[in-house]
Amino acid sequence: MFPRITQVRHLRDYRLELTFADGVRAEVDFRNKVVGRGGVFKALEDLDFFRRVRVDPEAGTLIWPNDVDLDPDVLYSEVTGTPIPQIERV
């Protein structure tokens, strides 16, 4: 498991600054993760709604008021280039 997200700050448009528990800080553009996906992500296309992003203090992930959340392991892997470890099947 990678470090959890500890802080998020909206920068502009669909760009957020994420800070992870190990001190890694990165600017991430969420446009391709949100725009055009439909379903639960449709609400996030509205920038006023998108700006309402928060960090879930227990899970250390990004959350929005419509219960959308994004996996912190995937986000950490994207910003650091560290591959997600494969789970060994028994």
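The values are calculated or read from the model by the stated rules, or taken from the named source; none is laboratory data. None of these values were measured; they are calculated from a predicted model. Every residue, glycine among them, receives a Cβ derived from its backbone with ideal geometry; neighbour counts consider all protein chains shown.
Can you tell me which residue in region 69-84 is nearest to Leu16 (Cα to Cα), limited to those that are hydroxyl-bearing (Ser, Thr, Tyr) and surrounded by 13 or more Cβ atoms within 10 Å (Cβ to Cβ)? Reasoning before the result, please.
Looking only at region 69-84, we keep the residues that are hydroxyl-bearing (Ser, Thr, Tyr), and these are 76-77, 80, 82.
In the following step, the residues that additionally are surrounded by 13 or more Cβ atoms within 10 Å (Cβ to Cβ) were identified as 76-77, 80.
Working: Tyr76: 13, Ser77: 16, Thr80: 15 Å.
Result: Tyr76.
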Original post:
In this structure, does Thr19 turn out to be hydroxyl-bearing (Ser, Thr, Tyr), crowded, with 16+ Cβ neighbours inside 10 Å and modelled with pLDDT of 95 or more?
Top reply: yes
Original post:
Does any residue in region 2-30 that is within 14 Å of Ser77 (Cα to Cα) come within less than 6 Å, Cβ to Cβ, of a residue that is of a type in the set (Gly, Ala, Ser) and not in a strand (DSSP E or B) six or more places away or on a different chain, and which pairs are these?
Top reply: Pro3/Ala21; Arg4/Ala21; Arg4/Gly60; Ile5/Gly60
Original post:
Considering region 32-45 alone, what residues qualify as being of a type in the set (Gly, Ala, Ser) and in contact (Cβ under 8 Å) with a residue 12 or more places away in the chain?
Top reply: Ala43
**OP:** Answer yes or no as to whether Thr80 is polar (S, T, N, Q), under 11 Å from the mean Cα position of the chain (by Cα) and at negative phi.
**Re:** no
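Restricting the search to region 46-68, which residues are free of Cβ contacts under 8 Å to residues at least 24 places away in the same chain and surrounded by 13 or more Cβ atoms within 10 Å (Cβ to Cβ)? Break it down into steps so the answer makes sense when it comes.
Just the residues of region 46-68 that are free of Cβ contacts under 8 Å to residues at least 24 places away in the same chain, to begin with: 46, 48-49, 52, 56-58, 63-65.
Correct list: Phe49, Arg52, Asp56, Ile63, Trp64.
Can you say whether Ala43 is at pLDDT 95 or above and under 17 Å from Pro72 (Cα atoms), as far as the supplied structure shows? Show your work before the answer.
Working: at pLDDT 95 or above: yes; under 17 Å from Pro72 (Cα atoms): no.
The answer is no for Ala43.
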